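Taking it in order: structure first as structure tokens, then the write-up.
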């Protein structure tokens, strides 16, 4: 048995730098929105629910976690915002473009 050493991640488990930066930008903007809208429980929940798994994705990068974020968590976030009458913050646009590009590059690989 070869236990995985979490202090020194394998090269395959490293989040690509451009993707890491985009996810950190999303996390930063999310925290700012939560701070600024602290009295709006529904909005704070939507934002925090959207990003709560990002630290794990950054710490132990795997394509299935990126896929789950892009296909499930982001989609649920968009639905939650729509349900409470909020639009996606413009500050998310550039970061999401990068995440989508990296998602397509990493997760949409044709089967061999």
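Computed from the coordinates by the stated procedures, all read-outs in this text should not be read as laboratory data. Since this is a predicted model, take the numbers as computed values, not measurements. So basically every Cβ, Gly included, is an ideal-geometry build from the backbone, and we count neighbours across all protein chains shown.
Would you mind checking the range 23-54 for residues with the amide N under 19 Å from a putative spin-label position 7 Å along Cα→C-beta of residue 88?
23-34, 43-54, by backbone N distance to the label point.
Going by average Cβ neighbours within 10 Å, how do the peptides 97-107, 17-27 rank, with the highest at the top?
17-27, 97-107
For residue 48 and residue 109, what does the FRET efficiency come to when R0 = 35 Å and r is the distance between their Cβ atoms, rounded to the nearest 0.05?
Working from the Cβ atoms, E equals 0.65.
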